[in-house]
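To start, the structure under review is shown below, and the notes come after it.
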Amino acid sequence: MCVTAVESRPAGVLGTPPVHRPFGARVMAFVALTKPRIIELLLITTVPVMFLAEQGVPSLLLVLATCFGGYLSAGGANALNMYIDRDIDALMDRTSQRPLVTGMVSPRECLVFGITLGVLSTLFFGLLINWLSAALSLGALLFYVVVYTMLLKRRTSQNIVWGGIAGCMPVLIGWSAVKNEVSWAAVILFLVIFFWTPPHYWPLSMKVKDDYARVGVPMLPVVAGNKAVAKQIVIYSWVMAAVSLLLTPLGYTGWFYTSVALVAGGWWLWEAHALNARAKSGLTGAKLKEMRLFHWSITYVSLLFVAVAVDPFLR
């Protein structure tokens, strides 16, 4: 399902620099361009995969280098995302205080900053880790900026499904940083994040769908009712939980990971079906409690990947 993209505002209409821009506030604004809280989630999936690839403790320097390179890459992608979306960010409540909207950072500064981080991250990975990781990192950045932000986000309700591929790439990067190759274990965890992303993000989209509707971004909750969205959440949740269990029969993990995956996945499915039941009964607003699943989704992925890291020591 498609909608017409919101026309960009003229660059001079938003982002007018405030009269006073303190140095400290400017530094924090550039940090905000990288979306540190999102990057934290990316690192949660990167580091444990390195433990699984090593079947033990990987080099601390390698872990730190991979995390730093990943921060540069994801930060560059997020800055470029803000540059492209500055017109709609100015119209949405939850993004109205972003640096480009407030004028603490100019569009030109943001563009240069994002490109610089992307170039530095690619060179950093290639020269200090390996060129496979560099290619995967660059691919994730380009996919997020070009495919998701520029092509999908304002055109299709499936934007977060396919755009979420960029968020799956840290799994491959973490594995390749250790092995300089990609194995089936990394692919399976890639798929876990792929099927996790829509039911993770759609509950949040349900909460702020009026924001998205105002700017013409066709997130699924904007173009479909709560019942349809909740049904999709249940379908993706079952596939995600099933895929998460493939590591053990293929010999990559043991009893500990399997136990965590079963318990955490079971609780996820309980919450997903509960949301579906509330949507079917016609509950809306605070009674829908869609954010329960959103918050649990972050806990779920944290627990699952901690189990990925711990499991090699218990086999």
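The values are calculated or read from the model by the stated rules, or taken from the named source; none is laboratory data. Source: prediction; values computed, not measured. When we count neighbours, we look across all protein chains shown, and the Cβ atoms used for this are built from the backbone with ideal geometry, even at glycine. For the accessible areas, the whole protein counts, side chains as well, though only heavy atoms, and no ligand, DNA or RNA atoms are used. Shrake-Rupley method; radii C 1.70, N 1.55, O 1.52, S 1.80 Å.
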Within the range 162-171, can one find any residue that is of a type in the set (Val, Ile, Thr), open to solvent by 30 Å² or more (accessible area, probe 1.4 Å), in contact (Cβ under 8 Å) with a residue 12 or more places away in the chain and out of contact with any strand residue (DSSP E or B) (no Cβ under 9 Å at 6 or more places or on another chain)? yes
Hey, does the range 254-261 have a residue that's closer than 30 Å to Met50 by Cβ and either assigned to a loop (DSSP other than H, G, I, E, B) or at pLDDT below 95 (or both)? yes
For residues that are open to solvent by less than 40 Å² (accessible area, probe 1.4 Å) and without any contact (Cβ under 8 Å) to a residue 40 or more places away in the chain, scanning just the range 67-90, find the one that is farthest from Gly167 (Cα to Cα). Asp89
For the range 91-132, how many residues are part of a helix (DSSP H, G or I) and either open to solvent by 20 Å² or more (accessible area, probe 1.4 Å) or under 16 Å from Gly76 (Cα atoms) (or both)? 29
Please specify each residue of the range 44-66 satisfying the condition of being open to solvent by less than 50 Å² (accessible area, probe 1.4 Å), assigned to a helix (DSSP H, G or I) and either closer than 26 Å to Gly103 by Cα or touching a residue at least 24 places away in the same chain (Cβ under 8 Å) (or both). Thr45, Thr46, Val47, Pro48, Val49, Met50, Phe51, Leu52, Ala53, Leu62, Ala65, Thr66
For Leu41, indicate whether it is at pLDDT below 95, closer than 15 Å to Pro170 by Cβ, open to solvent by 10 Å² or more (accessible area, probe 1.4 Å) and in a helix (DSSP H, G or I). yes
Considering (1) open to solvent by 60 Å² or more (accessible area, probe 1.4 Å); (2) in contact (Cβ under 8 Å) with a residue 12 or more places away in the chain; (3) at negative phi, say which one Leu304 fails and leave the rest. (1)
Can you name every residue in the range 187-244 that is touching a residue at least 24 places away in the same chain (Cβ under 8 Å) and of a type in the set (Asp, Glu)? Asp211
In the range 172-194, which residue that is surrounded by fewer than 20 Cβ atoms within 10 Å (Cβ to Cβ) and more than 19 Å from the chain's Cα centre (by Cα) is nearest to Thr149 (Cα to Cα)? Val182
From the option list Ala286, Ala277, single residue qualifying as over 25 Å from Glu40 (Cα atoms), open to solvent by 40 Å² or more (accessible area, probe 1.4 Å) and at pLDDT below 95 is Ala286
Which of the residues that make up the range 279-291 are in a helix (DSSP H, G or I) and in contact (Cβ under 8 Å) with a residue 24 or more places away in the chain? Ala279, Lys280, Leu288, Met291
